[in-house]
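Okay, so here's the structure we're looking at.
The values are calculated or read from the model by the stated rules, or taken from the named source; none is laboratory data. Keep in mind the model is a prediction, meaning the values are calculated, not measured. Note that we place each Cβ from the backbone using ideal geometry, even for glycine, and neighbour counts take in every protein chain shown. Each accessible area value is taken on the protein alone, full model and side chains, heavy atoms only, with ligands, DNA and RNA left out. Shrake-Rupley method; radii C 1.70, N 1.55, O 1.52, S 1.80 Å.
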Amino acid sequence: MYQEIKITRSSNSRIDTLDFNHIPFGKVFTDHMFVMDYRDGEWVNPEIVPFGMIPTHPGNLAWHYGQAIFEGMKATLSKAGRPLLFRPELHSVRFNDSARRMCMPEVPEAIFIDALKKLIGLDVAWIPPQEGSALYIRPMMYATDESIGVRQSDTYKFIIMLLPVGPYYDHAVKLKADEFYVRAVQGGVGEAKTAGNYAASLLPAKMARAEGYDQVMWLDAIHHKFVQEVGTMNIFFVIGDDVVTPATDGAILKGITRSSVIQVLSDKGYNVVERPVNIDELLLAYQNGDLKEVFGTGTAAVVSPVCLIGYKDQKIELDTDKFVIAPMIKDLINKVRIQEMEDKFNWLVTVE
Ligand code: COI
């Protein structure tokens, strides 16, 4: 049976060391974290403790065989100074989808949301107030059985940590459409937010960076033609009057910002189409002048305009200053998050 969360407050807050106007992404952690264990088929010992190290056995199954999943979510401040969570139920559903695929136990939504609310309530002072900044929330789960040999773990740890963040990209993004390496294939784990997907992306991303790109735009593993996503975000193309994004097919992460963007643009009357997108079609649309905008969407990236896509010896170069839809949708999401625009679709959940 799920127990009450035991809270041990930090006696030594680090908040005075944070410069809210210059927050590097992913480097600053708040004062507390939520920790809970899974054993004998149930979640036990839910606790909020001062943020710190977790001693781990070297034979921990997650380190060897990769049972590790996570989420990325954001909290902002309401006009009245209350924390607002962006679509937490959807993140809970996606976390549990990832858990099932990786043969891990689900975390009941009520526990997930209760833990989030209590933790954020405690570290509310860490939420940056500026538009475009937020408290990034990183729930994660990993296997903790101590043994060598490929099998599913019987024990797990669920942790939530919080990080005040500024924008993930502070510039227009340059992407390399990789013609050799692949991220995921249908039947694989591409739809799960699991650590290995990101590990697999590191070498191709490093090679892309050496060529002056920021990230890889993944193509499908069979034809090496159909666009999947970027290592850090989903992707949209404005082709003629249509806003097109690759249809999720089991190998693409079902982004929550992606679904929010589809919802808003459809509501505004745009023709949003989810379908396979061939790289040759993009090159042709670019040559014909029909490719108007390219932008990525993600919790961290929010909406990030793309100024360059390289594919073999060809280049798609875009003047992001001429983009209309990407800045509009970015502004809308950022303003809804801080209640400067109406939350028409009830995305926000207030932490009382
Ligand atoms: C997110 O957008 O939350 C992610 O997990 C992607 C990562 C680049 C931070």
What do you get for Rg/Rh over region 173-334 if you use C-alpha atoms and the Kirkwood form of Rh? 0.93
Points 7 angstrom from Cα along the Cβ direction at Asp97 and Asn21: gap in nanometres? 4.1 nm
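Report the full-extension gain for the segment Gln287 to Gln263: residue separation times 0.36 nm, less the Cα-Cα distance, to one decimal in nm.
Details: separation 24, 0.36 × 24 = 8.64 nm, distance 2.96 nm.
Stretched out fully, the Gln287 to Gln263 stretch lengthens by 5.7 nm.
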Excluding same-chain residues fewer than 8 positions from Lys322, which aspartates and glutamates have a Cα within less than 12 Å of its Cα? Glu293
Quote the relative contact order of region 128-216 in percent (integer), defining contacts as alpha-carbon pairs under 8 Å separated by 6+ residues. 25 percent
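Suppose a student asked you for the relative contact order of the chain, using Cα pairs under 8 Å spaced at least 6 residues apart; what percent would you report?
On the way: 721 pairs, mean separation 63.9, N = 352.
Result for the chain is 18 percent.
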One point scatterer per Cα, no solvent, Debye formula: log10 I(q)/I(0) for the chain at q = 0.06, 0.12, 0.15 Å⁻¹ comes out as -0.22, -0.92, -1.36
Quick one: Cα centre-to-centre distance for region 306-352 and region 189-235, in angstrom? 20 Å
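What ranking do 5-16, 200-211 get when scored by the average of other Cβ atoms within 10 Å per residue, highest first?
Numbers: 5-16: 11.7, 200-211: 15.2.
Highest mean packing first, the order is 200-211, 5-16.
Using only DSSP helix segments of four residues or longer, with each worth -39500 (n - 2.57), what per-residue ellipticity at 222 nm results for the chain after dividing by its residue count and rounding to 500?
Details: 7 runs with 83 residues, N = 352.
Calculated at 222 nm, the ellipticity per residue is -7500 deg cm²/dmol.
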I'd like to check one number: the per residue accessible area of the chain, probe 1.4 Å, reported in Å² as a whole number. 45 Å²
In the full protein assembly as shown, how much of Glu89 is accessible to a 1.4 Å probe, in Å² to the nearest 10? 80 Å²
The simple spin-label model distance between Arg39 and Ile54, using points 7 Å out along Cα→Cβ, in nm, is 1.4 nm
Ignoring ligands and nucleic acids, what accessible area does Lys225 show with a 1.4 Å probe (Å², nearest 10)? 50 Å²
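Among Lys268/Lys312; Lys157/Lys193; Lys225/Lys254; Lys6/Lys117; Lys27/Lys79, which pairs are too far apart, with a Cα-Cα distance over 25 Å?
Values: Lys268/Lys312 36 Å; Lys157/Lys193 16 Å; Lys225/Lys254 20 Å; Lys6/Lys117 14 Å; Lys27/Lys79 27 Å.
The pairs that break the limit, which is 25 Å between Cα atoms, are Lys268/Lys312; Lys27/Lys79.
Stick to the Cα atoms of region 1-157, pair each with every other, and give me the Kirkwood hydrodynamic radius in Å at one decimal.
On the way: mean 1/r = 0.0593 Å⁻¹.
About 16.9 Å for region 1-157.
Counting other Cβ atoms within 10 Å of each Cβ, which chymotrypsin sites (Phe, Trp or Tyr not before Pro) in region 318-352 have at most 13 and sit in a DSSP loop? Don't skip to the answer; put the middle values down first.
Values: sites: Phe323, Phe345, Trp347; in loops: Phe323, Phe345, Trp347.
Answer by residue number: Phe345.
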